[in-house]
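The values are calculated or read from the model by the stated rules, or taken from the named source; none is laboratory data. Not measured: the values here are computed from a predicted model. Don't worry about glycine lacking a Cβ; one is built from the backbone with ideal geometry, like all the others, and counts go over all protein chains shown. The area values use the complete protein model at the heavy-atom level, side chains included, leaving out ligands, DNA and RNA. Shrake-Rupley method; radii C 1.70, N 1.55, O 1.52, S 1.80 Å.
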Amino acid sequence: MSSAESLSLYGWLVIGWITATPFSYGYHISVLNQLHSVLACEPSLVANNLPTCFELNDFTFSAVTSVFNLGGLLGSAQANVLMEKYGRRGTARISAGFTALGSAIMGLSGSVAILGVGRFMTGIGSGIGICLAPLYIAEIAPKTIASTLGVLTQLGIVLGIFLTQILGVYFSSPDAGPNAWRLVLFFSFAVAFIQVLMTGFMVESPRYLRSKSLRAGEEARAIETRIWGHGHGVGGDSATSPLLEEHDPEAHPAVPHGNLSALTSSQVLFKTPADVRIPLLLMCCAMIGQQFSGINAVLYYSNDILSQALPELGKYVSLGITIVNVIMTFPPIFLIEKLGRKSLLFFSVAGAIVSLTVLGIALNFAGAAGSTGPTAWTTVSSVFIVFFVMSFATGLGPVPFIMISEISPFYAVSALSTISLTLNWLSNFCVSLLFLPLRNALSGGAPGDPHHDPGKVGRVFWVFAVILALVMSVVWRKWRT
């Protein structure tokens with residue numbers, strides 16, 4: 001295999017280093033949900049001068065959980081400014097620094113307020129990092145394997161969720177001892193702190209260097225040589241270099257606009273250049289579709305559904321779903337070049353829409369049956385939850401992240417990344433905030449309300465299916481591959 005199609009050992013180290021960023025994002029998405037059972041109680045015990053748990057009612061726990069999304073919104077909104085001012089490498093250090101500090105504060109928290117402050121800071125780090133990671137990977141990858149490596153963003157996220165589930169199952173058990181749950185947060189601190197330390201040994205993006213200076217070619221070629229091995233970069237044939245050379249029109253993408261400065265997010269939003277309008281529309285629709293597919297709501301609701309179908313295995317339900325999510329993230333690595341990004345995305349969307357539709361029907365029949373134990377319809381619900389997660393993981397999860405750098409002009413890619421992923425965070429926040437109220441409104445009231453109709457609880461998933469179909473129809477019509 002030529003160096004244009006493979007990584008050097010150092011190149012893999014760089015990829016592993018940056019993949020720690022989406023890993024931390026996935027880790028903190030679910031870390032509190034997994035620890036909920038040991039976090040919420042009357043704090044009657046103190047171990048090592050720290051409370052073993054906190055007074056957390058449902059509202060307080062939801063508030064502490066949701067500040068992660070607010071931090072993510074703030075971080076992603078500032079990512080473009082940071083990436084242009086400090087570079088990709090410097091921004092990675094900032095992202096990991098926020099995550100490390102936030103994780104340490106959570107691990108040492110003595111009150112709910114301090115726990116929330118730490119979670120907000122990890123949200124900022126994750127918001128910055130989830131904008132940076134897919135962009136950095138795309139900029140150091142040769143075109144021949146850029147899409148394959150781009151899947152690593154989603155793989156990092158699901159591996160972070162998976163490890164949280166494993167650690168949470170053990171450290172939330174009574175056998176682990178008081179305050180053992182704090183070790184789950186200290187593990188995240190360790191990962192982020194190591195990432196900060198490694199930043200000094202990592203390289204800047206060659207494409208970023210070229211976009212900033214016409215005289216950065218020699219430094220960029222030296223970086224290419226180090227990442228991809230000998231035969232490219234300095235002393236190599238520029239015509240076969242896996243990354244962009246000075247004569248490549250994308251190497252200085254801002255030149256047509258009169259300078260070497262990338263567009264800001266406000267310029268993209270309010271003075272949208274003609275060649276950025278379609279990419280902006282596509283990325284906004286893709287990110288809205290990804291979150292309004294209801295993936296987080298489905299994963300949240302899966303515990304109740306699958307625990308009815310498999311009551312003896314209720315403790316391991318969410319772990320099993322996460323394992324499916326991890327396994328199904330690998331096929332896109334091999335399929336994305338064979339099937340193409342658009343085909344893979346829409347096979348995934350079709351599977352998700354079918355799953356949501358059938359899941360809604362099954363939940364309605366299961367609710368109407370009125371049984372508290374497993375029934376044929378809870379089994380159907382269980383099967384289609386798994387099928388939905390499989391469908392999401394194969395395309396709807398990874399492809400929107402890969403699209404950012406592939407459909408955007410380079411001079412606008414940082415701004416589009418910031419805008420689209422800020423919208424992703426906002427959509428995520430809206431789904432988490434509106435899911436239960438919408439479910440209750442469509443079923444006549446909350447469970448226990450005299451007007452509540454359990455035979456209508458599945459309708460909320462039809463709403464997700466309709467939204468997903470509408471926004472993805474725009475992507476289908478406008479995306480020219």
For Ala40, list long-range residues whose amide hydrogen, built 1.01 Å from N in the peptide plane, is under 5 Å from its own amide hydrogen. Phe54
With a 1.4 angstrom probe the carbon and sulfur portion of accessible area for region 331-481, in percent, totals 71
For Ala222 and Val383, FRET efficiency with R0 = 45 Å and r from the beta-carbon atoms, rounded to 0.05? 0.25
Students often get this wrong: which residues of region 349-365 have the backbone nitrogen under 18 Å from the point 7 angstrom along Cα-to-C-beta of Trp476? 349-358
Residue-level accessible surface for Ile288, protein heavy atoms, 1.4 Å, Å²: 50
May I ask you to evaluate 6.51 cos²θ - 1.76 cosθ + 1.60, the Karplus curve with θ = phi - 60°, for each residue of region 190-198 and list the ³J(HN,Hα) values in order in whole Hz, giving x for glycine and proline? 4, 4, 5, 5, 4, 4, 4, 5, 6
Give me a comma-separated list of calculated 3J(HN,Hα) values for region 134-148, in order, Karplus coefficients 6.51, -1.76, 1.60 applied at θ = phi - 60°, integers in Hz, x for any Gly or Pro. x, 5, 5, 4, 5, 7, 9, 8, x, 4, 5, 10, 4, 5, 4
Quick one: ranking Arg89, Arg480, Arg277 by accessible area, 1.4 Å probe, largest first, what do you get? Arg480, Arg277, Arg89
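Sorted by accessible area (1.4 Å probe), largest first, how do Arg93, Arg341 line up? Walk me through the numbers before you get to the answer.
Numbers: Arg93 100, Arg341 50 Å².
Per-residue accessible area, sorted high to low, gives Arg93, Arg341.
Expected output is a single nm value to one decimal: the length gained when fully extending between Val326 and Leu433, i.e. 0.36 nm times separation in residues minus the C-alpha distance. What is it?
Details: separation 107, 0.36 × 107 = 38.52 nm, distance 2.59 nm.
Roughly 35.9 nm would be gained on extension.
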Between Ala63 and Val466, what length comes free when the chain is fully extended (0.36 nm per residue of separation minus the Cα-Cα distance, one decimal in nm)? 142.2 nm
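Given a cut-off of 27 Å, name the pairs among Lys456/Lys478; Lys342/Lys456; Lys143/Lys478; Lys85/Lys338 whose C-alpha atoms lie farther apart than that in the structure shown.
Details: Lys456/Lys478 35 Å; Lys342/Lys456 34 Å; Lys143/Lys478 23 Å; Lys85/Lys338 37 Å.
Over 27 Å apart, Cα to Cα: Lys456/Lys478; Lys342/Lys456; Lys85/Lys338.
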Would you grab the residues whose amide H sits under 5 Å from the one on Ser8? Only those 5+ places off in sequence or on another chain, please, with H modelled 1.01 Å from N. Trp228, Gly229
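Rank these residues by their accessible area, most exposed first, probe 1.4 Å: Lys338, Lys85. Let's see the in-between values first.
Numbers: Lys338 170, Lys85 145 Å².
Per-residue accessible area, sorted high to low, gives Lys338, Lys85.
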Given a 1.4 Å probe, the accessible area of region 410-467 per residue, as a whole number of Å², is 39
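How far, in nm, would the chain grow between Thr144 and Leu70 when pulled straight, counting 0.36 nm per residue and subtracting the alpha carbon separation? Each step should come with its number before you reach the end.
Working: separation 74, 0.36 × 74 = 26.64 nm, distance 3.69 nm.
So the extension gain works out to 22.9 nm.
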Residue by residue through region 163-179, what is 3J(HN,Hα) from phi via Karplus (6.51 cos²θ - 1.76 cosθ + 1.60, θ = phi - 60°)? Round to whole Hz and write x for glycine and proline. 5, 4, 5, 5, 5, x, 4, 7, 7, 9, 8, x, 5, 6, x, x, 6
Exposure of Ser6 as accessible area (Å², to 10), given a probe of 1.4 Å and all protein chains: 40
Between Trp12 and Asp453, Cβ-based FRET efficiency (R0 60 Å, step 0.05) works out to 0.65
